[in-house]
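S.K.: Below is the structure I would like to discuss, written out as structure tokens.
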Ligand SMILES: [Zn+2]
Ligand SMILES: [Zn+2]
């Protein structure tokens, strides 16, 4: 398995299955872990970072954990950006310097970043609202890694991390939710404020601030000390259904008596532009795909499936287009390639990206 | 959209009013930074990270006496470095700077004791701390160009790693 193979597949978390998957794109948990016998990444020398990377790789190999280990330091900028768009590595790991890597599973549900802010950042993502299965999986991977790695741990403070905001469980429990109707009805700010009041963080699809792309938002816990993993998972699991309910309510208002035609028009136009455009920017694509995704969920579009739309959000990102085309493209060329790719994927019966000239 | 300065994709969009005239700017991250729109592209500081930063700036700066002179012999971090970066240097720092960190942790996390998962292998962290000390000595030896000592320390670090 290598990075080029990934252009022909997509992560299982994009399948659009699992509970509430019309609104909850995926559930995600990450654990921050450090080796007890090395300085944290920001104070580790080049040689030490190499040793950390080797120790983690060895524990994966000897433990027969089914993960593919990829060095990140020697990758091209394009490949690093590709892994970032793919959600397999963070912005921080993409932009860092020195020895670092990532290990991921063939279905891309697991990724273990090496020499991020912490020595290990273990991440598991599953489609839909499925925090229970995500926890089972990540807890298992963590146990297996710990068989051969000495984690930095204190009975009083828990897992020790480079930043005190992660100390304790080192856990971040999150969901990626699609909230186009709350955005459109201008209720999203209100929801954000309510979430921040109960200490939950809101970020965009790629960790950006409030102006999120494609109406996707990550909602996650911030506290990591003094509450067990199960408690933190339960906290979020109780809040998410309320957000789902707000979004459903806003969608119903949009398809309600007077406004149905307006929404249907907006969705159809979005779909039409995506199917016919000859040049299109990344921002416009995200905006229109978001409309189309909501349109499918409301039964306004019936010849397109959610997993394809989910995949298009990722596959139309700049590095993905260039990997699929097999060459570096300037912005203008990318916009043409993106439009051509979209036309191809959205025309009936031709879903193989390789058919595209 | 393309950056108005160069050909990269514009990711920063700013609207400014200068002398009553509205001006729109579309810049890539690099040009935006050069033009001084530094924070626009970065995710805003919010949540715990923001609380941590403001708390560190407000309180650690005033810390005087013993704590401000303290440094960790295993990674070289001074408590004042933590003020600047908000990052610790090694697992030992939590014990080393406990006096200064504990109030920060309590403030940021709203708690001071871990509840939840613990590693299955007891004593792994203690064994790790011993090797962290050896690694600090190794770094010193290399800096002093005491290669005999460095070789001796590498030998002591090696079997411990292979025995696991
Ligand atoms: Zn530029
Ligand atoms: Zn230290």
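The values are calculated or read from the model by the stated rules, or taken from the named source; none is laboratory data. Just so it is clear, the model here is predicted, and its values are computed rather than measured. FYI the Cβ positions are ideal-geometry reconstructions off the backbone, even for glycines, and counts take in every protein chain you see.
S.K.: Name the helices (runs of 4 or more DSSP H) wholly inside the stretch A:243-346 in which the number of residues that are more than 20 Å from residue A:9 (Cα to Cα) is 2 or more.
M.R.: Those helices (runs of 4 or more DSSP H) span A:260-276, A:282-297, A:331-346.
Residues are listed down the side, and each one gets a yes or a no for (1) farther than 21 Å from residue B:74 by Cβ; (2) without any contact (Cβ under 8 Å) to a residue 24 or more places away in the chain; (3) surrounded by fewer than 19 Cβ atoms within 10 Å (Cβ to Cβ):
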site	(1), (2), (3)
A:11	yes, no, no
A:18	yes, no, yes
A:21	yes, no, no
A:39	no, yes, no
A:45	no, yes, yes
A:49	no, no, no
A:63	yes, no, yes
A:66	yes, no, yes
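S.K.: Now for a different question. Looking at A:28, A:8, A:15, A:80, which one is away from chain B (no Cβ under 14 Å) and under 22 Å from residue A:140 (Cα atoms)?
M.R.: Only one candidate qualifies: A:28.
S.K.: Test of understanding: among A:195, A:157, which residue is modelled with pLDDT under 95 and either on the phi > 0 side of the Ramachandran plot or within 12 Å of chain B (Cβ to nearest Cβ) (or both)?
M.R.: Of A:195, A:157, the one residue that is modelled with pLDDT under 95 and either on the phi > 0 side of the Ramachandran plot or within 12 Å of chain B (Cβ to nearest Cβ) (or both) is A:195.
S.K.: Give just the number: which of (1) more than 30 Å from residue B:99 (Cβ to Cβ); (2) within 14 Å of the chain's Cα centre (by Cα); (3) surrounded by fewer than 24 Cβ atoms within 10 Å (Cβ to Cβ) does residue A:89 not satisfy?
M.R.: (3)
S.K.: I need the full set of residues from the stretch A:308-345 which are more than 13 Å from residue A:285 (Cα to Cα) and away from chain B (no Cβ under 13 Å), in order please.
M.R.: A:308, A:320, A:323, A:324, A:325, A:326, A:327, A:344, A:345
S.K.: Take the residues in the stretch B:71-97 that are more than 10 Å from ligand 2 (Cβ to nearest atom) and within 8 Å of chain A (Cβ to nearest Cβ); name whichever of them is nearest to residue A:35 (Cα to Cα).
M.R.: Ranking the qualifying residues of the stretch B:71-97, first place goes to B:87.
S.K.: Quick one: which residue in A:267, A:273, A:240, A:255 is on the phi < 0 side of the Ramachandran plot and in contact with a strand residue (DSSP E or B) (Cβ under 9 Å, 6 or more places away or on another chain)?
M.R.: A:240
S.K.: Further, regarding this structure: Do you know which residues across the stretch B:98-122 are more than 9 Å from every other protein chain (Cβ to nearest Cβ) and in a loop (DSSP other than H, G, I, E, B)?
M.R.: Listed by number, the list holds a single entry, B:122.
S.K.: State yes or no: is residue B:127 at the interface with chain A (Cβ under 8 Å from one of its Cβ atoms), at pLDDT below 90 and under 19 Å from residue A:58 (Cβ atoms)?
M.R.: When the stated conditions are applied, residue B:127 passes them.
S.K.: For the structure I just gave you, tell me whether residue A:143 is more than 19 Å from the chain's Cα centre (by Cα), surrounded by fewer than 20 Cβ atoms within 10 Å (Cβ to Cβ) and under 19 Å from residue A:170 (Cβ atoms).
M.R.: Judged against the criteria, residue A:143 is a match.
Quick grid of which residues meet (1) modelled with pLDDT of 95 or more; (2) assigned by TED's automatic domain parsing to the domain that holds residue A:92; (3) more than 24 Å from residue A:128 (Cβ to Cβ):
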{"residue": "A:153", "(1), (2), (3)": "yes, yes, yes"}
{"residue": "A:169", "(1), (2), (3)": "yes, yes, no"}
{"residue": "A:184", "(1), (2), (3)": "no, yes, no"}
{"residue": "A:189", "(1), (2), (3)": "no, yes, yes"}
{"residue": "A:199", "(1), (2), (3)": "no, yes, yes"}
